[in-house]
Amino acid sequence: VWKMENDHFGLVFDHTNPTIAVVFQVASEGQAAKWNQRAEASMQLRPGLGLRSLDGVEQETKKLLERLKESTGHLRLGFTQPSLETLSLQQTPGMAWDMDLLPTQVGLYVRRCGANASRSGLQAGMHICSVNGCMGDAKSLLQVIEAQSKLCLRVASFEGPLLRVASFV
């Protein structure tokens, strides 16, 4: 990508996850839209991708987005696709869920989870996309979690390899 000063590529990121910036929106105009017009379908930029690197350097979300904002000229952005899985959780009677969840623009970020949730496969760093089949804003998802003793969570994690590189010239 060739980035001019104050050019934002047309990508909006959710930066709740401290280790990876997640694409929340791709604008219909900007460098990302131009990239998508030229790229094969499998290489297009879309919501849900995780920005993993800038010019081959991986950094935590805050530093990566700061570098992206400050950089100009030719840039290579490295993205990873989330792996999705479904987890079933059963609440222990009389016990709270024991999860520390942060609202994001597209669901909930798991900052910490207790032993009960961990036994079901939930891990810190995952993103909860839906709860019991319900997708929506973070507040709605939290309400479903608080009201239920059995949960079916659709979760995303970004532990996979770098899958695509957008090189803007």
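Could you work out [θ]222 nm for the chain from helices alone, using -39500 (n - 2.57) per DSSP H run of at least four and dividing by all its residues? Round to the nearest 500 deg cm²/dmol. All intermediate terms of the calculation are to be shown ahead of the outcome.
Numbers: 4 runs with 33 residues, N = 169.
My calculation for the chain gives -5500 deg cm²/dmol from helical runs alone.
At a 1.4 Å probe, what is the % contribution of carbon and sulfur to the accessible area of the stretch 24-141? Please list the in-between numbers first.
Values: 3230 of 6550 Å².
Within the stretch 24-141, the accessible surface is 49 percent carbon and sulfur.
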The stretch 71-149 pair-distance distribution - Cα-Cα, 10 Å bins, rounded %: 16, 48, 20, 9, 5, 1
Selection from Ser120, Gly73, Val144 lying farthest towards where the dipole of the chain points positive, charges on Cβ: Ser120
Cα-based helix-to-principal-axis angle, 138-147 vs the chain, degrees rounded to 10: 20 degrees
Burial ranking of peptide ranges 112-121, 99-108 (average Cβ count within 10 Å, highest at the top): 99-108, 112-121
Gain upon complete extension [Glu58, Arg111; 0.36 nm per residue less C-alpha separation]: 17.0 nm
Qualifying lysines (Cα of each under 22 Å from Cα of Lys150; at least 8 residues distant if same chain): Lys139
The chain: angle of helix 61-70 to the longest principal axis, Cα-based, in degrees nearest 10: 20 degrees
Cα pair distances in the chain, grouped into 5 Å bins until the bin that holds the longest one, percent each: 2, 8, 17, 21, 16, 13, 10, 7, 4, 2, 1, 0
The chain: most fluctuating residue of Val110, Val144, Val26 per GNM, C-alpha cutoff 10 Å: Val144
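The values are calculated or read from the model by the stated rules, or taken from the named source; none is laboratory data. Being a predicted model, the structure only gives us computed values, none of them experimental. Using ideal geometry, Cβ is built from the backbone for each residue, glycine included, and neighbour counts are taken over all protein chains shown. Remember, those area values only see protein heavy atoms, side chains included, never the ligands or the DNA or RNA. Shrake-Rupley method; radii C 1.70, N 1.55, O 1.52, S 1.80 Å.
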